[in-house]
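For reference, the structure is listed below as structure tokens.
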Amino acid sequence: MSLETPDPTDLLRRYFGHSEFRGGQKAVIDALLSGDSAAAVFPTGGGKSLCYQLPALAFDGLTLVVSPLIALMKDQIDALTARGIRAGRLDSSLSLDEYRQIMDDVRNHNMRLLYVAPERFNNERFRASLSTVEISLFAVDEAHCISEWGHNFRPDYLKLVEFARACNAKRMLALTATATTEVLQDICRQFAIKPAHAINTGFYRANLNLRTTAVEPSERDQVLVQQIKSKPLKSAIVYVTLQKTAEHVAKVLQSNGLAARHYHAGLKSEQRAEIQDWFVQSDSNIVVATIAFGMGIDKSNIRGVYHYNLPKSLENYSQEIGRAGRDGEAALCQLLACTDDLIPLENFIYGDTPTTGAVTRFVDTIFSEENEFDISLYDLSHQCDVRPLVLRTLLTRLELKGYLRGGTPFYANYQFKPLQSSKDILARFDGERRQFIGNLFRQAVKNKTWYQIDLEQSVAALASPRDRIVRALDYLSEQNLLEVKVAGVRNRYTIIKRPETREHLAAELSKENAEREKSEIDRLQQTISWITLDACQTSALADRFGEALNTDCGHCSWCETGRAVVLGGRPETVLTAQLREQIAELKAEHSQVLESPVEVARVLCGLSSPRISKAKLQKHPLFGQCERVAYESVLEGAQLCF
């Protein structure tokens, strides 16, 4: 640490009102202030955000915080602003004027921290805007998403490392609450973090009381109400799997006199923000939510986290219960365990796995292109019948295998509407800049009120790099001289090598998809095995994340009862002869969509795909007919129809 570097303890006291660091924080901050990259694996509520907020005050450049959590951005920026720290965020809720002001502040060094979602780096306008900004710290929250070994792999995260290097970020910080030893090693490898600077403070929190109760579907509502009402009413989160379940459970709680509201991704952003504020400002409100809720919300006195449905993995479970009792006081983490929940959770997994035919179409399409090409992922998704996120994963795998190199995504369509006359706009510039902008305007074709501009044609006509044209349009927009609209994202790729045979590569990718599917199904089974474990559940959970308690916790279900939880069996249903006849009719009507038993099973289980959506099969009476039946049983029955 240089003499010019402010003392971190002084910054802690002056800006955050604390005299001592929490466990692990000082080690992470010292590494960053010394110029090294670092990783922070702290439990939820363990103080990860301070690890980038405090160093940001010591650096001259910008601290860029990448997070998928809009709630975290909003809450942290409000808190930082209240402390006199300049921070902003870029997300879809901002108006054009708000976006312009934030980017002005970034360029003029009037902002310490900027929060963005990982998808923002697919935006060429954003990447161009940051190209001249000094980035002192590139912090990535939910960093386990970068690892294919993790429980929530997201292809966009792999692009973050590439961008951090391209923008010459001086140091990186990876943060997560849920990383197994294998995942942490993968994070450190990709972010080039030295093992000594990967700080893991452990999982166990003695104030969390883990309870598990086996229930039948018919009694679950009643059990939940009884358990909540048996204790003094306090703030709580009830986690569910489906959006419709969130709405149902919230109504059940309301009808029993409890202040409850539902929360899920289907709500408008302003509704979600209002519900978050309603929850944070009360000591007794309850939110019934899908997994999106609670991530990053600054509320320390949540006294209960209830799982109405099974969590999709132990990693998800540990992250969700970590939102309880962040003030250190006792909190209840109650799981209502029912094997019926396995079916929708498994269906999510099976629905994401593309068919062999879909993967073959994907490989054929990619390697039918020229060595340099660009493509619409939306069109490719529908053409190959692969869900968009899975498609991005397949493309990422081709990059990792050395077949492709991804370029900067770009917008195919640019439009602008002058807010002043072209004469007045040009009068603001001199010399070559004025000539450049005048020539750029002459490339535009006017429709009714908007001008259409072909950037590729303009690049050739003006003999100017594309990024200069994009920066010019952005600048004119930020100066309120133009209103700019963009559409039609296309992704650039370069084919580095071609497969010896496309069939072999398609088979290899399909095998990896099957292994990924099995891994996710195994995570579900690990959750069931943990629930029914005949031993201390808290100790077993800590061991999963590399922490040995070496003793029983004394306050989980098993420690209190000395008995393992016993779950009921799974329902099994076979397809009737009548249903098989209906399937045969469906196949005949939609033979181009239902090419294999997998597509038929998806329709019966209520699982969509791009082709199923395009054929409007969600409206068919058979869609979702077997949504409460195990997918493998439905697939086995569907195979008899081929």
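Nothing in this text is a laboratory measurement; each read-out follows from the coordinates by a stated rule. None of these values were measured; they are calculated from a predicted model. Virtual Cβ from ideal backbone geometry, glycine too; neighbours counted across all protein chains shown.
Observations, loosely collected:
- Theoretical gain in end-to-end length, Ser19 to Glu329 [0.36 nm per residue, Cα-Cα removed]: 109.5 nm
- Spin-label pair Gln618-Asp277: with each label point 7 Å from Cα along the Cα-Cβ axis, the two points sit 3.1 nm from one another.
- Amide H contacts of Thr212 (H built 1.01 Å from N, under 5 Å, at least 5 apart or other chain): Leu335, Ser557
- If you take the Cα centroid of segment 66-112 and the Cα centroid of segment 543-597, the two points sit 42 Å apart.
- Lys, Arg +1 and Asp, Glu -1 on Cβ, resulting dipole of segment 577-639 about Cα centre, debye, nearest 20: 280
- Temperature 25 °C, viscosity 0.890 mPa s: under these conditions the Stokes-Einstein estimate for segment 577-639, based on its Kirkwood radius over C-alpha pairs, is 217 µm² per second.
- For segment 8-200: span of alpha carbons on each principal axis (Å, largest first): 44, 40, 28
- Only DSSP H runs of four or more residues enter the estimate; each adds -39500 (n - 2.57), and after division by the residues of the chain the mean residue ellipticity at 222 nm equals -13500 deg cm²/dmol.
- Note on segment 30-95: Cα-Cα pairs beyond 17 Å make up 47% of the total pair count.
- In this structure the amide hydrogen of Ala198, modeled in the peptide plane, comes within under 5 Å of the amide hydrogens of Ala39, none closer than 5 places in sequence on its chain.
- Table column - 3J(HN,Hα) (Hz), segment 336-342, Karplus curve with 6.51, -1.76, 1.60, x for Gly and Pro: 8, 9, 9, 5, 4, 5, 5
- Exposed loop sites are taken as GluC sites (Glu not before Pro) in a DSSP loop (any state but H, G, I, E or B) with at most 10 other beta carbon atoms within 10 Å; the longest stretch of the chain without one runs 21-369.
- In segment 334-407, one over the average inverse separation of all distinct C-alpha pairs is 14.2 Å, which is the Kirkwood hydrodynamic radius.
- Directionally averaged projected area (the chain, Cα convex hull): 32.6 nm².
- Relative compactness, segment 497-642, computed as alpha-carbon Rg over 2.2 N^0.38 Å: 1.48
- With the simple model of a label 7 Å out from the Cα in the direction of the Cβ, Ala535 to Val459 spans 5.9 nm.
- Cα-based reach from Lys417 at 23 Å (exclusive), listing lysines while leaving out same-chain residues under 8 positions away: Lys446, Lys448, Lys485
- Here the simple spin-label model places points 7 Å from the Cα toward Cβ, and for Ala548 and Leu233 these points are separated by 4.8 nm.
- Note on segment 443-508 and segment 182-220: Cα centroid distance 41 Å, given to the nearest whole angstrom.
- When the pairs Lys312/Lys619; Lys48/Lys229; Lys511/Lys614; Lys244/Lys518 are compared against a 32 Å limit on Cα-Cα distance, Lys48/Lys229 fall above it.
- Taking a straight Cα-Cα cut-off under 23 Å and skipping sequence neighbours fewer than 8 places away in the same chain, the lysines within cross-link reach of Lys231 are Lys251, Lys299.
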